[in-house]
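Input: a single structure, listed below in structure tokens.
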């Protein structure tokens, strides 16, 4: 099984609002960047989607070290929340529905295809790859906004 490193980040202009995600897949000396955006979303959705998109780009099962500044994404696995949510029919300990179930189900499924280890990194700090993912996510927001009607009251990222 090949080992891959995946850095990801999500961003939102308004929350909810226009959102973007970015990622960098690294295998040996090869780095591949990706990004995308959605018109109406949240930062948490973009954080999780960034990981999903990266894992889906892999053509065969891999060992993947995921680095993210999203406590929401990383802690769901490191603290075992996702396993409890799934066991409880996608309900939190307080009985309320888990947000973004569609994405959590997809990410959970992908962790069955790949051997994924999550790592929390400090956001907007001195991590070059995390900062580049933030640039990719924010760039995707800017590009999507160029296609939207000018009468939308949206703040620049």
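The values are calculated or read from the model by the stated rules, or taken from the named source; none is laboratory data. Keep in mind the model is a prediction, meaning the values are calculated, not measured. Note that each Cβ is placed from the backbone with ideal geometry, even for glycine, and that neighbours are counted across all protein chains shown.
The number of residues in region 42-66 that are touching a helix residue (DSSP H, G or I) at 6+ places or on another chain (Cβ under 8 Å) and either part of a helix (DSSP H, G or I) or surrounded by 21 or more Cβ atoms within 10 Å (Cβ to Cβ) (or both) comes to 13.
Suppose the filter is free of Cβ contacts under 8 Å to residues at least 60 places away in the same chain and either under 15 Å from the mean Cα position of the chain (by Cα) or part of a helix (DSSP H, G or I) (or both); does residue 38 pass it?
Values: free of Cβ contacts under 8 Å to residues at least 60 places away in the same chain: no; either under 15 Å from the mean Cα position of the chain (by Cα) or part of a helix (DSSP H, G or I) (or both): yes.
So residue 38 fails the test.
Within region 1-26, the set of residues being under 11 Å from the mean Cα position of the chain (by Cα) and part of a loop (DSSP other than H, G, I, E, B) is empty.
Taking the stated definitions as given, is residue 118 touching a helix residue (DSSP H, G or I) at 6+ places or on another chain (Cβ under 7 Å), modelled with pLDDT of 95 or more and closer than 17 Å to residue 45 by Cβ? No; evaluated as a whole, the condition is false for this residue.
Tell me whether region 9-25 contains one or more residues that are closer than 19 Å to residue 124 by Cβ, surrounded by 17 or more Cβ atoms within 10 Å (Cβ to Cβ) and out of contact with any helix residue (DSSP H, G or I) (no Cβ under 6 Å at 6 or more places or on another chain). So far as region 9-25 goes, yes, one or more of its residues are closer than 19 Å to residue 124 by Cβ, surrounded by 17 or more Cβ atoms within 10 Å (Cβ to Cβ) and out of contact with any helix residue (DSSP H, G or I) (no Cβ under 6 Å at 6 or more places or on another chain).
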